[in-house]
Amino acid sequence: MKRLVATLGLVVVAALAAACSSTTAAQPLPSGPVADGPTIVARDMKFQTASVEVKAGTNVTVHFDNQDSAPHNVAIYTDSSAAQKISVGEIVSSGTKDQVVPALAAGTYFFRCDVHTNMTGTIVAK
């Protein structure tokens, strides 16, 4: 009987959690250590830091510094087609925002502002 009550309790908790969650699936945050990473600066409607280097195989924190009053973000993709996203940062209108990026394999990656897609750069993981 106790087992049945415990099982029913878990079912109720799971149902409540599902009912309270939003319909938009949240991206899971990378697990494991997060290395401090580069700062990417947006100013004068372009990235002042057009190429950055990070350590391959390690989760990294990218520091985004939007010095414009216009909204920008840092969205990282596998390449310039922007078809496969790796990490999309929050859109901010001036100010700073940290973004945890999952470990990248060695190689070159593309980043852009999703609001102003002409703002682009590269991330090299070594």
To the nearest 0.05, what FRET efficiency results for Ser80 and Val115 with a Förster distance of 22 Å applied to their C-beta separation?
0.85
Cross-link candidates for Lys97: which aspartates and glutamates have Cα within less than 12 Å, leaving aside residues fewer than 8 places away along the same chain?
Asp65
Tabulate in residue order the Karplus-calculated ³J(HN,Hα) for segment 52-65, using 6.51 cos²θ - 1.76 cosθ + 1.60 with θ = phi - 60°, rounded to whole Hz; enter x for Gly and Pro.
10, 10, 10, 7, 5, x, 10, 4, 9, 9, 9, 9, 9, 10
Please list 3J(HN,Hα) in residue order for segment 102-109, calculated via the Karplus relation 6.51 cos²θ - 1.76 cosθ + 1.60 where θ = phi - 60°; whole Hz, with x for glycine and proline.
x, 3, 9, 5, 3, x, 10, 10
Potential lengthening between Val124 and Ala105 on full extension [0.36 nm per residue; Cα-Cα distance subtracted]
5.9 nm
Residues of segment 87-113 with backbone N under 15 Å of the label point set 7 Å from the Cα of Gln48 along Cα→Cβ are 94-97
For a Förster distance of 22 Å, can you work out the FRET efficiency between the beta-carbons of Val88 and Asp36, rounded to the nearest 0.05?
0.60
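Values quoted throughout were computed directly from the atomic coordinates according to the rules given, and no laboratory measurement underlies them. A quick note: this is a predicted structure, and the numbers were derived from the prediction, not measured. Don't worry about glycine lacking a Cβ; one is built from the backbone with ideal geometry, like all the others, and counts go over all protein chains shown.
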